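Everything on this sheet refers to the single structure shown next.
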Amino acid sequence: MRCPFCSSDNTRVLESRAIDDGAAIRRRRECAECSKRFTSYERLEQLPIIVIKSNLNKEVFSREKLLKSIVRACSKTQLSTLTIDRIVDDVESEIYKKYHREISSQELGSLVMKRLKEADALAYIRYASIFKNFTSLVEFIDEIKEMEDSLLGLKFEDLDFNDELIEDKN
Ligand SMILES: [Zn+2]
């Protein structure tokens, strides 16, 4: 690796250390010409995840977009930013591990819902109403009935379905 100070190619590694739980390697290097030291990092190349939409269009998975849609579904809920962040991390790594980096928007929605269902009933129902494509009202009501206990005390206005969230589906 070239020295950032004198551009010499004659550098050597002094120390290598795994960081970020082994996701990266940090190397201390020294230039044999000017003796200055510098650090380099080695990480796996992150290959993109492809999301296949219901109209069969493909798009590159965007962590930001997923985060935004969850944040919207979670407004006026008790879910912390940290929890939402974890849900996104979790979903992302599941797509890498189980879906070989290609997932339908439908499956992606299910991964999110599975986690929201455990985390917050209101956020779950908002998200589910958009992404689950219930084939009938009865099916949706059944789903809600299943969660009856966690929904006690919620008002219908709390659901606050909005057009922005619906736009994200397509
Ligand atoms: Zn140098």
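The values are calculated or read from the model by the stated rules, or taken from the named source; none is laboratory data. Everything quoted here is computed from the prediction, not taken from an experiment. Note that we place each Cβ from the backbone using ideal geometry, even for glycine, and neighbour counts take in every protein chain shown.
All told, Ser93 falls short of being more than 16 Å from the ligand (Cβ to nearest atom), assigned by TED's automatic domain parsing to the domain that holds Asp120, closer than 16 Å to Ser110 by Cα and over 11 Å from the mean Cα position of the chain (by Cα).
Taking region 90-108 as the range and being touching a residue at least 40 places away in the same chain (Cβ under 8 Å) and small (Gly, Ala, Ser) as the test, the residues that pass are Ser104, Ser105. Restricting attention to region 1-12 and to residues that are surrounded by 12 or more Cβ atoms within 10 Å (Cβ to Cβ) and of a type in the set (Ser, Thr, Tyr), the residue that is nearest to the ligand (Cβ to nearest atom) turns out to be Ser8. The set of residues in region 36-54 that are assigned to a strand (DSSP E or B), within 16 Å of the ligand (Cβ to nearest atom) and in contact (Cβ under 8 Å) with a residue 24 or more places away in the chain comprises Phe38, Ser40.
Evaluate region 57-71: report whether one residue or more is of a type in the set (Ser, Thr, Tyr), modelled with pLDDT of 85 or more and under 20 Å from the mean Cα position of the chain (by Cα). Yes - at least one qualifying residue is present in region 57-71. Checking the structure you have, find out if any residue of region 4-11 is in contact with a strand residue (DSSP E or B) (Cβ under 6 Å, 6 or more places away or on another chain) and of a type in the set (Phe, Trp, Tyr). No, region 4-11 contains no residue that is in contact with a strand residue (DSSP E or B) (Cβ under 6 Å, 6 or more places away or on another chain) and of a type in the set (Phe, Trp, Tyr). Inspection of region 63-76 finds no residue satisfying the criterion of being part of a strand (DSSP E or B) and among the polar types (S, T, N, Q). Evaluate region 13-35: report whether one residue or more is under 15 Å from the mean Cα position of the chain (by Cα), surrounded by 13 or more Cβ atoms within 10 Å (Cβ to Cβ) and either outside the structural domain of Arg126 (by TED's automatic domain parsing) or away from the ligand (no atom under 16 Å from the Cβ) (or both). No, region 13-35 has no match at all.
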